[in-house]
Every structure is written in structure tokens, then in C-alpha cells.
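The block underneath contains the structure these notes are about, expressed in C-alpha cells.
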Amino acid sequence: MNKNEIKAKMKSKAIAVVRCSEFSLAEKMSKRLISQGIDTIEVTYSVKDAGKLIKALKDEYPNSLIGAGTVVTAAQAKEAIDYGADFIVSPCIVEEVCEYCVKNDIACSQGTATPTEAFKAASLGADIIKIFPGSSFKPSYIKELKGPFPDFDCMPTGGVSDSNVKEWFDNGAFAVGLGGYFTKNITEDNLEEIDIRVKKVLDALKNA
């Protein structure tokens, strides 16, 4: 898929952000999320051997979107793409990452917290404006931001849950990222808790 096709598949999705230091647990959480219907996974580079996990997931679930998150260097971006990542996400504006993605026609999201940062990310060629941390904003922030910047595709990440996901989309979110909501306090002994959390989000999305 080219980056436009990947971006189109990301639209209106709840994207699971998997942030876990243990490879085995991160892998089990990712597989559980996919099995329950979350088909877009962002594996952060805080996961040990993140690139290898991206490859393993992409090999097993070729129809799912598997991206790389917390990418803060062009070297990490290249590694992730070499391992099969579909998209790249940075927690802030990292010019060398954005430049690499633009040059290689890769779907890219850059983290921003102000209109100035959002404008800069878009000017550098970011395809999706990540609103981070989403917990610091009300969903109406996106509606206000899209006043002067109607073409910005925004993805709040952090603080998104089943209780507010519909409100984020009602205010113009392109997609949403959920990390701790899905994975907080999850261990190998209670992976079934993910099923409950996913169902709540998917039920909320049916009304979004």
C-alpha cells in the first residue's frame, strides 16, 4: 500500500499504542488487541526490539496496519520501515524523521501541542497532526484548530477513552490513539481485560 492508502485505512480508527518494556508482553497485548478487532497497532520504540515486534505482527497479520511510535531519529524510522512498518509516529516534531518520511513516501504523524507546532508539522509534510498529550485538551480543541486550518487531519493520543471517543470524533478527529486505556495494569495473567476495554471502545465508535 502507498501512504495515501494507508492513511485512508487509518481514518476513523481507534489506534492502539502499545508501550511496554517487555517484548513478550507487548507481543501478547498486540495480538489480543488485533484478535478483538483493533486492526491498527502502533508499536512504540520504548518496547525492547520494537522493530522485530513490528515484523512479527506484520508477518502474522498482513491485513492489519502495524506502525512505529515514539520514533525520534531518522535511523529508527528507517529501521521500522525495513521491518515492515506501515506508518511512523513521533511524540513531537522531529524534523529528520519527517524529512525521511516525506522523501520515502511514508505516512507520518508528528506530535504537536499548539497551533504553531501543528502548522510547522504540516509545513514539514506530516500527514497527520498528532495532538499530544490529548489529556491536556478538550475535544473541542480540534474543532477550534480546524477553524484556521480546515485541512489538518488530527489524531489525539493520550486521555482518549470509551467515555469521550465519540466526542473527539464529533469535533473533527481524523483518528484517535489509545495507549494506557488499553494496556494500563495489563499483565500476562489478565490479558482478558483487554477484551472488555476493546468492546467498550468499539461500542462507543458505533455511535461516533
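The values are calculated or read from the model by the stated rules, or taken from the named source; none is laboratory data. Keep in mind that this is a model prediction, so the values were computed, not measured. Cβ sites come from the backbone with ideal geometry, for glycine too, and all protein chains shown count toward neighbours.
Tabulated data for the structure shown
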| item | result |
| --- | --- |
| Conditions (1) in a helix (DSSP H, G or I); (2) farther than 20 Å from ALA173 by Cβ; (3) without any contact (Cβ under 8 Å) to a residue 24 or more places away in the chain; number of the one not met by PRO62 | (1) |
| Near pairs, Cβ below 9 angstrom, 6+ apart or cross-chain, from the range 196-208 (closer than 20 Å to ASN171 by Cβ) to any residue that is assigned to a helix (DSSP H, G or I) and among the basic types (Lys, Arg) | ALA204/LYS166; LEU205/LYS166; ASN207/LYS166; ALA208/LYS166 |
| Selection from the range 197-208 of residues that are surrounded by fewer than 17 Cβ atoms within 10 Å (Cβ to Cβ) and at pLDDT below 95 | LYS206, ASN207, ALA208 |
| Cβ pairs under 8 Å, 6+ apart, first in the range 1-29 and of a type in the set (Phe, Trp, Tyr), second surrounded by fewer than 18 Cβ atoms within 10 Å (Cβ to Cβ) | PHE23/LYS48; PHE23/ASP49; PHE23/LYS52 |
| Residues of the range 57-72 that turn out to be charged (D, E, K, R) and buried (at least 17 other Cβ atoms within 10 Å of the Cβ), as a count | 1 |
| Residue within the range 147-157 that is surrounded by 14 or more Cβ atoms within 10 Å (Cβ to Cβ), touching a residue at least 60 places away in the same chain (Cβ under 8 Å) and of a type outside the set (D, E, K, R) present | yes |
| Test: residue in the range 19-28 that is in contact with a strand residue (DSSP E or B) (Cβ under 9 Å, 6 or more places away or on another chain) and part of a loop (DSSP other than H, G, I, E, B) | yes |
| Matching residues, the range 73-122, being surrounded by fewer than 21 Cβ atoms within 10 Å (Cβ to Cβ) and either touching a residue at least 40 places away in the same chain (Cβ under 8 Å) or of a type in the set (Asp, Glu) (or both) | GLU79, ASP82, PRO91, CYS92, GLU95, GLU96, GLU99, ASP105, GLU117 |
| Flag if ASP49 is at positive phi and of a type outside the set (A, V, I, L, M) | yes |
| Odd one out for ILE194 among (1) closer than 26 Å to ILE81 by Cβ; (2) touching a Leu at 6+ places or on another chain (Cβ under 8 Å); (3) surrounded by 15 or more Cβ atoms within 10 Å (Cβ to Cβ) | (1) |
| Subset of the range 33-67 [under 15 Å from the mean Cα position of the chain (by Cα) and more than 19 Å from ALA8 (Cβ to Cβ)] | LEU33, ILE34, VAL43, THR44, TYR45, SER46, VAL47, ALA50, ILE54 |
| Qualifying residue in the range 54-67 (condition: over 23 Å from ASN190 (Cβ atoms), of a type in the set (Val, Ile, Thr) and at pLDDT 95 or above) | yes |
| Any hit, the range 40-47, residues being under 18 Å from ILE81 (Cα atoms), in contact with a Cys (Cβ under 9 Å, 6 or more places away or on another chain) and assigned to a loop (DSSP other than H, G, I, E, B) | yes |
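So that you can scan it fast, the table gives a plain yes or no per residue for (1) in a strand (DSSP E or B); (2) hydrophobic (A, V, I, L, M, F, W, C); (3) on the phi < 0 side of the Ramachandran plot:
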{"site": "LYS78", "(1), (2), (3)": "no, no, yes"}
{"site": "ILE88", "(1), (2), (3)": "yes, yes, yes"}
{"site": "CYS92", "(1), (2), (3)": "no, yes, yes"}
{"site": "VAL102", "(1), (2), (3)": "no, yes, yes"}
{"site": "CYS108", "(1), (2), (3)": "yes, yes, yes"}
{"site": "ALA118", "(1), (2), (3)": "no, yes, yes"}
